[in-house]
Amino acid sequence: MTNNKGDIIIIGAGPSGSIAGALLQNQGFQVTILERQLFPRFSIGESLLPQCMEFIKQAGMLDALVNAGFQYKNGASFAYRDLRTEFSFEDKFSPGIGTTFQVQRGRFDKLLADEAVRIGVDIQWQMDVMEADFSIDRPELTVRNNLGEVISYRADFVLDASGFGRILPKLLDLESPSGFPVRQALFGHIEDRISAGSFDRNKIRITVHPQHKDVWYWLIPFSNGRSSVGVVAEPEFFQGWDINDQALQDIIHQDPSLSELLQNAVFDELINTITGYSANVKSLHGKGYALLGNAGEFLDPVFSSGVTIAMKSASLAADVLGRQFNHEAVDWQRDYAEPLQRGVDTFRVFVDAWYDGRFQDVIFHSKQQAEVKAMISSILAGYAWDENNPYVKNARSRLDTLVELCR
């Protein structure tokens with residue numbers, strides 16, 4: 001393919017960077033990704049949503065993912081004390097793919113990056129972006145490589161897909177408070193040794209703490225007998241514990257059902273923690289740049305929306321850039337930021353309702369209507385931009401009404 005549309009630099013080779021790179025390369029751009037680390041590397045966010053598959057397919061990477069041997073995923077299960085409920089993503093309201101995978105992000109992110117390279121994207125590893133100048137006609141990035149050499153890169157446009165690194169928000173003073181309370185996650189990968197038949201490994205399990213409804217656990221099984229397990233709470237909840245595997249085990253043992261499920265588990269890897277992960281920015285775009293995924297906004301891990309939002313942002317940005325370089329009139333606020341924000345706002349409504357307990361009242365209600373459950377399942381499957389779904393189009397008012405009916 002002859003690339004002559006323009007030069008695009010993407011900061012970061014994670015899911016949003018690799019998807020955006022592939023989509024733009026396929027349109028005829030010359031794409032360079034600058035990645036600070038070497039892949040594979042550890043990352044959190046292992047439970048994909050079916051909506052992700054649409055973007056992976058659009059980028060031409062679906063076959064590679066399907067053949068990679070990751071854990072199949074068809075839904076989500078929820079537990080609180082003796083209450084149980086589950087959602088099948090194949091029984092959703094919105095059209096589109098209804099299954100996905102649960103992935104070790106090290107392998108998954110490397111697979112997407114390798115696919116981007118196969119498509120023609122130039123990924124340069126161990127490149128640390130230190131400065132960015134967007135006051136000139138062609139943006140300039142100042143980068144240090146792994147040898148300590150400082151290099152300047154010029155581009156026609158820059159996409160920041162740096163995730164929690166948030167390179168351009170920091171360099172350009174774009175960071176803004178998220179509006180969410182500060183929360184902390186304690187997590188790690190374990191050899192789960194869950195007995196056969198006692199747990200549906202095709203679903204992520206979300207468990208509500210038996211005494212604290214704003215504290216919750218995730219359990220994400222992988223295809224190799226291992227799982228990702230974690231607990232999320234406000235930092236005060238963790239006071240008195242050292243951040244280590246014993247602390248995570250002690251907190252797991254506070255829930256009888258999860259403790260029984262993981263009674264034989266081996267905690268054989270480093271336990272991680274992250275605090276204050278929710279983030280926002282003053283603007284998702286500016287002269288010569290746009291922010292993708294977590295570099296722009298991150299809500300909360302409870303509904304596994306992070307990778308979905310990242311890939312949606314990549315798809316939207318690639319489309320707007322394609323039209324811009326074809327000399328069509330585009331408005332990044334109207335064509336990128338606002339459409340992306342509509343889905344983020346839908347997720348936000350449900351995240352808020354999760355932590356104040358209202359959404360939990362809905363999902364654990366004893367008399368669930370199939371049609372309403374299918375609409376909720378669509379959002380949990382990542383189809384938060386489908387405005388044919390009443391719980392997307394009028395998310396807050398619809399959910400408020402549903403909560404009152406359930407209560």
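The values are calculated or read from the model by the stated rules, or taken from the named source; none is laboratory data. Please read these numbers as outputs of a predicted model, since none were measured by experiment. Neighbour counts are summed over all protein chains in view; Cβ atoms, including those assigned to glycine, are modelled from backbone coordinates with ideal geometry.
Annotations for the structure displayed:
- Members of segment 146-181 found to be hydroxyl-bearing (Ser, Thr, Tyr) and assigned to a loop (DSSP other than H, G, I, E, B), listed by number: Ser162, Ser178
- Count - residues of segment 274-284 that are within 10 Å of Leu174 (Cα to Cα) and part of a strand (DSSP E or B): 2
- For segment 1-39, the set of residues classified as farther than 21 Å from Val129 by Cβ and part of a loop (DSSP other than H, G, I, E, B) consists of Met1, Thr2, Asn3, Asn4, Lys5, Gly28, listed by residue number.
- Some residue of segment 43-51 being aliphatic (A, V, I, L, M) and at pLDDT below 95: yes
- Cβ pairs under 7 Å, 6+ apart, first in segment 117-142 and in the same structural domain as Leu23 (by TED's automatic domain parsing) and at pLDDT 95 or above, second surrounded by fewer than 14 Cβ atoms within 10 Å (Cβ to Cβ) and assigned to a loop (DSSP other than H, G, I, E, B): Gly120/Met1; Trp125/Leu38; Gln126/Leu38; Gln126/Asn146; Phe134/Lys287
- Breaking point among (1) surrounded by 14 or more Cβ atoms within 10 Å (Cβ to Cβ); (2) at pLDDT 95 or above; (3) farther than 24 Å from Asp255 by Cβ, for Asn67: (1)
- Among the residues of segment 213-237, those identified as under 21 Å from Arg81 (Cα atoms), of a type outside the set (Lys, Arg) and surrounded by fewer than 18 Cβ atoms within 10 Å (Cβ to Cβ) are Asp214, Glu234.
- Within segment 9-22, residues that are more than 16 Å from Leu65 (Cα to Cα) and crowded, with 24+ Cβ neighbours inside 10 Å sit with their Cβ atoms under 6 Å from residues that are of a type in the set (Asp, Glu) and at pLDDT 95 or above, at 6+ positions apart or across chains, in these pairs: Ile11/Asp160; Ala13/Glu35.
- For segment 304-407, the helices (runs of 4 or more DSSP H) that sit wholly inside it and include 3 or more residues that are small (Gly, Ala, Ser) and assigned by TED's automatic domain parsing to the domain that holds Asn74 are 306-325.
- Meets criteria (within 24 Å of the chain's Cα centre (by Cα), buried (at least 21 other Cβ atoms within 10 Å of the Cβ), of a type in the set (A, V, I, L, M) and closer than 30 Å to Tyr217 by Cα) for Ala76: yes
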